[in-house]
1. I'd like to know if the stretch 34-49 contains one or more residues that are modelled with pLDDT of 90 or more, part of a loop (DSSP other than H, G, I, E, B) and either surrounded by 10 or more Cβ atoms within 10 Å (Cβ to Cβ) or in contact with a strand residue (DSSP E or B) (Cβ under 7 Å, 6 or more places away or on another chain) (or both).
2. State yes or no: is residue 13 at pLDDT 90 or above, among the aliphatic types (A, V, I, L, M) and assigned to a loop (DSSP other than H, G, I, E, B)?
Amino acid sequence: MTPLEEIARLSDIPVDVEVQLDQKVTTIAAILDWVPGTVIRMGRSAGENIDILVNNAALFYGEIVIIEDAVGVRITDFREEE
């Protein structure tokens, strides 16, 4: 039995996936001005490498991609155990 077959019975367990594209410091006044459709300029751009976390553990590396009118993340590698 392969490792994937061994864990197949766990495939329905929900896990949290987090991709943190950037952080920004702003003021409460600026946040109060936000409305649907507001664009928040960030310092990261397409092609930059990021960490992908599953249940707060960094498991993958990825890169920011633009897909039509949306931002996405492409998984590029698995993190090695340290």
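1. Yes, the stretch 34-49 contains at least one residue that is modelled with pLDDT of 90 or more, part of a loop (DSSP other than H, G, I, E, B) and either surrounded by 10 or more Cβ atoms within 10 Å (Cβ to Cβ) or in contact with a strand residue (DSSP E or B) (Cβ under 7 Å, 6 or more places away or on another chain) (or both).
2. Here the answer is yes, as residue 13 does meet what is asked.
The values are calculated or read from the model by the stated rules, or taken from the named source; none is laboratory data. Keep in mind it's a predicted model, so treat the numbers as computed, not measured. Note that we place each Cβ from the backbone using ideal geometry, even for glycine, and neighbour counts take in every protein chain shown.
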